[in-house]
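Q: Take this structure first; my questions come after.
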Amino acid sequence: MGSLERKLKRKQDKKSRRAEKKVATKIAQFQKLPDKCLTCDASFDKKSKEFAMNWRVVVNGENVRLYCKECWSSACNILEDYMEEKNVSL
């Protein structure tokens, strides 16, 4: 039974190390968060809860992009229009 316990303990340790790596990666990405909207250059207050709830953060690998509420909604509208147009032409 001793080897089974060791095996389970190693498996749990491996899971916890993976979780710690994920948290460390997310913290490092938060440090890369820009100070302004990528589209309109509106400033972003990192200490404001309102900004945090209304702005959108897009993470793609190493890239961290920040969009204000207005730019995000206009981008969504453009995308919806494009998708409707594409479906109509098919």
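Q: For E62 paired with I78, estimate the spin-label separation in nm (one decimal), with each label point 7 Å from Cα along the Cα-to-Cβ line.
A: Rounded to a tenth, the inter-label distance reads 2.6 nm.
Q: Let me ask another. Once label points are set 7 Å from the Cα along Cα→Cβ at both N87 and T25, what is their separation, rounded to one decimal in nm?
A: The two pseudo-label positions are separated by 3.4 nm.
Q: Rounded to whole Å, give me the distance from the Cα center of the range 33-76 to that of the range 1-22.
A: A separation of 38 Å, based on Cα centres.
Q: Follow-up question, since we're still on this one. If a/c stays under 1.5 just call it rounded; otherwise compare a/b with b/c (prolate if a/b is bigger, oblate if not). Do that for the chain, with a ≥ b ≥ c from the square roots of the Cα gyration tensor eigenvalues.
A: Oblate is the answer for the chain, as a/c is 1.5 or above yet b/c matches or exceeds a/b.
Q: Still on this structure: Shape call for the range 44-90 from the C-alpha gyration tensor, a ≥ b ≥ c root eigenvalues: rounded (a/c under 1.5), prolate (a/b greater than b/c) or oblate?
A: In terms of gyration-tensor shape, oblate.
Q: Taking the convex hull of the alpha carbon atoms in the range 1-52, what volume per residue do you get, in Å³?
A: 93
Q: Quick one: compute the contact order of the chain, relative version, from alpha carbon pairs under 8 angstrom and 6+ residues apart, as a percent.
A: 20
Q: Cα-based count: Lys pairs in the range 34-90 below 23 Å, eight or more positions apart or different chains?
A: Number of lysine pairs found: 7.
Q: Lysines within cross-link reach of K21: Cα-Cα under 23 Å, excluding same-chain residues under 8 positions apart?
A: Candidates past the 8-residue exclusion: K7, K9, K11, K32.
Where a number appears in this text, it was derived from the coordinates with a stated rule and is not lab data. Keep in mind it's a predicted model, so treat the numbers as computed, not measured. Note: ideal-geometry Cβ built from the backbone for every residue, glycine included; neighbour counts use all protein chains shown.
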